[in-house]
Amino acid sequence: MAMFRDTIQVINGWLKVLAEFGLSLILVFVVIDILFPGTTGIVNNLAKIVESFAKEGIVGLIALLVFLLIYRR
């Protein structure tokens, strides 16, 4: 059982590193898109995501808060 738990912890560590890398890439693409508009299109995509949360009203707000709570863990 300890071996299984260790394996899960290693996988969890890799997933955290991968998520942090993805967020870093998103930030780099946002900066690139701000400096050179239309290069990556990430700003438009982020705007669409925020717009989809806003369209749903309170349900979208709750979904966004749940997402942020899960991310902070």
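The values are calculated or read from the model by the stated rules, or taken from the named source; none is laboratory data. Predicted model, so just to flag it, every value in this text is computed and none were measured. Positions of Cβ are generated from backbone atoms using ideal geometry, with glycine treated the same way; all protein chains shown enter the neighbour counts.
Kindly evaluate VAL66 against the criterion of being within 13 Å of the chain's Cα centre (by Cα) and free of Cβ contacts under 8 Å to residues at least 24 places away in the same chain. I'd like the intermediate steps shown before the answer.
Working: within 13 Å of the chain's Cα centre (by Cα): yes; free of Cβ contacts under 8 Å to residues at least 24 places away in the same chain: yes.
Considered against the rule, which asks whether it is within 13 Å of the chain's Cα centre (by Cα) and free of Cβ contacts under 8 Å to residues at least 24 places away in the same chain, VAL66 comes out as yes.
What number of residues in region 44-61 are within 24 Å of LYS16 (Cα to Cα) and modelled with pLDDT of 85 or more?
Quick first cut of region 44-61, residues within 24 Å of LYS16 (Cα to Cα) only: 45-46, 49-50.
Those left that are additionally modelled with pLDDT of 85 or more: 45.
So the answer is 1.
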Check: On the given criteria, is LEU15 over 21 Å from LEU64 (Cβ atoms), of a type outside the set (Gly, Ala, Ser) and within 16 Å of the chain's Cα centre (by Cα)?
Finding: yes
